[in-house]
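Quick notes on the structure that follows.
Only the coordinates and a few stated rules stand behind these numbers; no lab work does. Because the structure is predicted, anything quoted here is derived from the model rather than measured. Here the Cβ is made from the backbone with ideal geometry for all residues, glycine too, and neighbour counts use every protein chain on show.
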Amino acid sequence: MGKPLNIGLIGYGFMGRTHSNAYSQVTHFFDVPYTPVLKTVCGLEEDKAKAFAEQWGYASYTTDWRKVIEDESIDVVDVCVPNNMHAEIAIAAAQAGKAILCEKPLAMNAAQGREMVQAVEKAKVANLVSFNYRRVPAVTLAKQLIDSGRLGRIFHYRANFLQDWTISAKVPQGGMATWRLDVKAAGSGVVGDLLAHCIDTAMWHNGRIGEVCAVTETFVKERLNVDTGKVEPVGIDDACTFLCRFDNGSLGNFESTRYARGHKALYTFEINGEHASIAWDLHDLHRLEYFDHRDESIVRGWRSIHVTDADMPYMDKWWVPGLQIGYEHTFVHQAADFLSGMASGKPAGPTFREALETQCVCDTVLASAAERAWKKVSY
Ligand SMILES: NC(=O)c1ccc[n+]([C@@H]2O[C@H](COP(=O)([O-])OP(=O)(O)OC[C@H]3O[C@@H](n4cnc5c(N)ncnc54)[C@H](O)[C@@H]3O)[C@@H](O)[C@H]2O)c1
């Protein structure tokens, strides 16, 4: 059993559940240097915070996030609230000397992200941003294949993240369930919410993006804001497509929308190299598609690698070869890597500083769309 580490979770929604599950599971499967203790959970509504604490085993609950920061027994502050609150909470947590696990995107924009980086680096506290798709074993395997040189020179990186849940003009903005449509809470639409994932994975796989050319669209221009009770202009991007050039000379092609009827969360990428290509699809997340031109022509073709063997990333910690794992496990991997990084002094990524690079690309994509021009990313 590792040393106890008291967790203060802020936000008991979708991500609050995935992170709580990860803290509960991680020591059962991974040999980690700390044992997370679910100390306190914070959320806006008291009855929900209480029910969450009872269901997940938190010792206490509160509706005031500052109480979590002031609590000297808390070691880790886990930020699972809407994007407009990440900076204020993370900076306060850093100043109080807490380790921080913060949900993505890092911030509302790069300027705010820089303040967060300064705060955690000044306080020298452990910090990680929850770009969890890096920790799908097939996505980690893709990184290993690229780093090993199997693909050779990379020519193309293509990624999509498609959803269809905001097509109806009756979907409101604001409030607890639909804050993602309110620019004041979300900062942006699909760029910060969905493309940020694609950009994080892409730059992890393929290096920095140097310049971008983007187009965005807001298909439904006005929606009821449930916070104000008024019909108000929609300030977020409903869809975005961008082209880019990576520093290694390869070309990128990214698309995200919440208007692709029939798709709920279709995150896919394909990478084409000189010798080989790889492709991945979140709906089939335990498989990695691989094509190698060096194979003998009579057997050459796309192969579907079932990423379950013990020599594949993370898989020795789970069941037996042939039995796959799923979405929630990416957060268990994240918790394991975060805890191990805290003890080893080799922090798990992306740290706030690394996630700031994704934020810089997101800002540049939005600026490019607004100015209808190619823009260089300044990091
Ligand atoms: N890594 C991923 O794949 C992923 C997926 C979904 C969401 N996210 C990110 O996680 C964050 C939370 O998203 P979600 O889907 O869990 O949201 P959610 O709407 O399900 O939950 C938000 C939570 O924040 C709490 N909250 C809001 N304002 C608060 C305040 N002032 N004080 C205390 N608590 C407050 C609410 O009570 C609620 O519990 C966002 O930044 C989002 O971008 C990441």
* Asked: In region 22-78, which chymotrypsin sites (Phe, Trp or Tyr not before Pro) are in a loop and have at most 14 other Cβ atoms within 10 Å, using DSSP for the loop call?
  -> none
* Can you work out the FRET efficiency for the pair SER24 and LYS184, with r the C-beta to C-beta distance and R0 = 30 Å, to the nearest 0.05? -> 0.35
* Structure fact -> Which of THR228, THR330, THR257 fluctuates most in a GNM of the chain (C-alpha springs under 10 Å)? That residue is THR228
* What are the GluC sites (Glu not before Pro) within region 30-91 that DSSP puts in a loop, where the Cβ has at most 11 other Cβ atoms within 10 Å? -> GLU72
* Asked: Taking other Cβ within 10 Å of each residue's Cβ, how do LEU288, LEU339 sort, fewest first?
  -> LEU288, LEU339
* Could you work out how far the C-alpha centroid of region 261-311 sits from that of region 44-108, in angstrom? => 38
* If the cut-off is 19 Å between C-alpha atoms, which aspartates and glutamates fall inside it for LYS48, apart from same-chain ones fewer than 8 positions away? -> ASP64, ASP78
* Asked: How much length, in nm to one decimal, is gained on full extension between HIS283 and VAL320, taken as 0.36 nm per residue of separation minus their Cα-Cα distance?
  -> 11.2 nm
* Structure fact -> Output for region 63-121 (equivalent-ellipsoid semi-axes, sqrt of 5λ from the C-alpha gyration tensor, Å, descending) is 18, 12, 9
* Structure fact -> Most fluctuating of VAL299, VAL32, VAL361 in the GNM of the chain (C-alpha, under 10 Å) is VAL299
* Structure fact -> Output for region 192-296 (equivalent-ellipsoid semi-axes, sqrt of 5λ from the C-alpha gyration tensor, Å, descending) is 34, 17, 10
* Asked: Among the listed pairs LYS50/LYS143; LYS98/LYS184; LYS39/LYS104; LYS50/LYS122, which are separated by more than 31 Å between their Cα atoms?
  -> LYS50/LYS143; LYS50/LYS122
* Taking the alpha carbon gyration tensor of the chain, what are the square roots of 5 times its eigenvalues, largest first, to the nearest whole Å? -> 32, 28, 19
* Structure fact -> With no solvent term and unit scatterers on the alpha-carbon positions of region 3-133, Debye gives log₁₀ I(q)/I(0) at q = 0.09 Å⁻¹ of -0.23
* For LYS170, list the lysines whose Cα falls under 16 Å from its own Cα; do not include residues on the same chain fewer than 8 positions away. => LYS221, LYS230
